[in-house]
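Remarks on the structure that follows.
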Amino acid sequence: MIRIVIAEDQRMLLGALGSLLSLEDDMEVVGKAANGEEAISLVHELKPDICIMDIEMPEKTGLEAAEELKGDDCKVIILTTFARSGYFQRALKGGVKGYLLKDSPSEELANSIRLVMDGKRIYAPELMDDVYSEENPLTDREKEVLELVADGKNTKEIADELCLKTGTVRNYISTILDKLEVKNRIEAITQSKEKGWFK
């Protein structure tokens, strides 16, 4: 049985979602929250498999709650009216396993929950277009350096492989981090993978 917590500040929608999912033979709604703060408490208390979260809620938004639950076993699915790529990017960084729009057909939600339980990630197609249409700001040489970083090579190994000085490689890496607006190599690799920029 897939145990689910739903977080939604519109009561009618919260009730409707709960009823819909309870009709599924393999699903049980174990908790309902009206804001992000309650959602976090319920997830810690009830240990559900899935938490379905709206974005714009009082006290804590769905994205803030998802970020806080990132290391948790509970898989977060965002269900929102907002197809904004900024929200989507943040959801990806927050480790969200699904991002669906409220105007999707109801059976799509149940199917998405099952797919997420199987380890897949489900994102609304219109958002994927946004992500992949984003241009990679890195030059060919910077892409090459980042791919070697992703292969686990250190600065000296990259320098040897590309016939560069280690100082030059360090400069490339710091430029990559600046361009991608990330703090470290791991975030740079993660972001490039999420945006489909690696070959």
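Sorted by accessible area (1.4 Å probe), largest first, how do K179, K120 line up?
Highest to lowest solvent-accessible surface, that is K120, K179.
Divide the volume of the convex hull of the Cα atoms of the chain by its number of residues and quote the answer in cubic angstrom per residue.
On the way: hull volume 24.4 nm³, N = 199.
Output value, Cα hull per residue: 122 Å³.
Quick one: of K120/K193; K97/K179; K75/K183; K143/K195; K97/K153, which pairs are farther than 18 Å apart, Cα to Cα?
K97/K179; K75/K183; K97/K153
Between A83 and N171, what is the spin-label point distance in nm, taking each point 7 Å from the Cα along the Cα→C-beta axis?
Distance between the two pseudo-spin positions: 4.4 nm.
Just order 49-62, 21-34, 91-104 by mean Cβ neighbour count inside 10 Å, highest at the front, would you?
Values: 49-62: 22.0, 21-34: 16.3, 91-104: 18.5.
Those peptides, ordered most packed to least, come out 49-62, 91-104, 21-34.
Can you tell me how much longer the chain between E45 and E108 gets when fully stretched, taken as 0.36 nm per residue apart minus their C-alpha distance, in nm with one decimal?
Details: separation 63, 0.36 × 63 = 22.68 nm, distance 2.78 nm.
In short, 19.9 nm is gained.
By how many nm would the segment from N184 to L101 lengthen if fully extended, with 0.36 nm per residue of separation less the alpha-carbon distance?
Taking 0.36 nm per residue and subtracting the Cα distance, the gain is 26.7 nm.
Could you calculate the FRET efficiency of R3 with D118 from 1/(1 + (r/R0)^6), where r is the beta carbon distance between them and R0 is 25 Å, rounded to 0.05?
0.95
Using a 1.4 Å probe on the protein chains only, how many percent of the accessible area of the chain belongs to carbon and sulfur?
Values: 5170 of 10600 Å².
Accessible surface attributable to carbon and sulfur in the chain totals 49 percent.
With every protein chain present, what is the per residue accessible area of segment 2-131 (1.4 Å probe, Å²)?
For segment 2-131, the per-residue accessible area is 47 Å².
Hey, what number do you get for the chain at 222 nm if only DSSP H runs of n ≥ 4 count, each worth -39500 (n - 2.57), divided across all residues, to the nearest 500? Write down the numbers at each step before the final one.
On the way: 10 runs with 104 residues, N = 199.
Estimated from H runs of four or more residues: -15500 deg cm²/dmol.
Using the Cα gyration tensor of segment 115-186, with a ≥ b ≥ c the square roots of its eigenvalues, what is the shape: rounded (a/c below 1.5), prolate (a/b larger than b/c) or oblate (neither)?
prolate
Of the listed peptides 143-149, 162-168, what is their order by residue-averaged count of other C-beta atoms within 10 Å, with the highest listed first? Walk me through the intermediate numbers first.
Numbers: 143-149: 19.7, 162-168: 12.9.
Highest-to-lowest ranking by the protection proxy: 143-149, 162-168.
Can you give me the distance in nm between label points at L162 and E28, each placed 7 Å from the Cα along the Cα-to-Cβ direction?
5.4 nm
The values are calculated or read from the model by the stated rules, or taken from the named source; none is laboratory data. No experiment lies behind these values; they were computed from the predicted model shown. Positions of Cβ are backbone-derived with ideal geometry, glycine not excepted, and every protein chain shown enters the neighbour counts. In case anyone asks, the SASA skips ligands and DNA or RNA and just uses the protein heavy atoms, side chains included. Shrake-Rupley method; radii C 1.70, N 1.55, O 1.52, S 1.80 Å.
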